[in-house]
Amino acid sequence: MNMFKPTKAQTRAEYIASIPEPRKTDIKKLDAFIKKTLPSMKPFFLYNMLAYGPFHYKSKSGREGEWAYIGLASQKNYISLYVCVVDVKTYLAEEYKKELPKANIGKSCIRFKKLEDVDIKVLGKILKKANTLIKTGKNKFGV
């Protein structure tokens, strides 16, 4: 089952081009912001989303594959920012729930209708903390 909005895009550029306005502008701004905030995380395209920082995972069930630490997707009703990083036992997105009152937060996902609904400085804090946890080996996602 694919939880992402279907697209025929095969690349990051095709994906962005397929998004209608005004959301396309928000996605472009967020993509630029993520790349500027996390310059060491390689941008790539993964399962109908913009992705940053590829990694190989292996779940407790033995399933394994490729995923991204950070993902950005345009869904039917909202923009989703995925932060696949866990600090001790808490997903980072959940740690910042109170600072993002207009967003819907679920484990590793921050969902919002438009960019102005979230504080970009808070998103920056989340991304920087995620990067620190990854670089120091303290990320507990998928462990």
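None of the figures in this text is laboratory data; all of them are computed from the coordinates on show. Owing to the predicted nature of the structure, the values given are computational and were not obtained by experimental measurement. For neighbour counting, all protein chains shown are included, and Cβ atoms are generated from backbone atoms with ideal geometry for every residue, glycine included.
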For segment 1-78: rounded, prolate or oblate by the Cα gyration tensor [a/c cutoff 1.5]: oblate
Residue-by-residue Karplus 3J(HN,Hα) for segment 12-24, coefficients 6.51, -1.76, 1.60, Hz, glycine and proline x: 4, 5, 5, 4, 4, 4, 7, 8, x, 6, x, 5, 4
Amide H contacts of Ile70 (H built 1.01 Å from N, under 5 Å, at least 5 apart or other chain): Tyr52, Cys84
Loop-resident sites, segment 24-68, for trypsin sites (Lys or Arg not before Pro), counting at most 15 other Cβ within 10 Å (DSSP): Lys60, Arg63
Total formal charge among the other residues, if their Cβ is under 15 angstrom from that of Ala13, Lys/Arg +1 and Asp/Glu -1: +3
Amide hydrogen neighbours beyond the local backbone of Asn48, cut-off 5 Å, H modeled: none
Estimated 222 nm signal from helices in the chain, with DSSP H stretches of n ≥ 4 weighted -39500 (n - 2.57), rounded to 500: -9000 deg cm²/dmol
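Taking 18 Å as the cut-off for C-alpha to C-alpha distance, list the pairs among Lys97/Lys129; Lys42/Lys97; Lys76/Lys114; Lys28/Lys114; Lys24/Lys97 that go past it.
Violating the 18 Å limit, Cα to Cα: Lys42/Lys97; Lys24/Lys97.
Just to confirm a number: summing +1 for Lys and Arg and -1 for Asp and Glu over residues other than Gly106 whose beta-carbon lies under 12 angstrom from that of Gly106, what do you get?
On the way: positive: Lys97, Lys107, Arg111; negative: Glu94.
Spelling it out: positives minus negatives among the neighbours equals +2.
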Assigned charges on the beta-carbon of Lys, Arg, Asp, Glu; the chain dipole about Cα centre (debye): 160
Karplus (6.51, -1.76, 1.60) ³J(HN,Hα), θ = phi - 60°, over segment 43-52, in Hz, Gly and Pro reported as x: x, 7, 10, 8, 6, 6, 7, 7, 10, 9
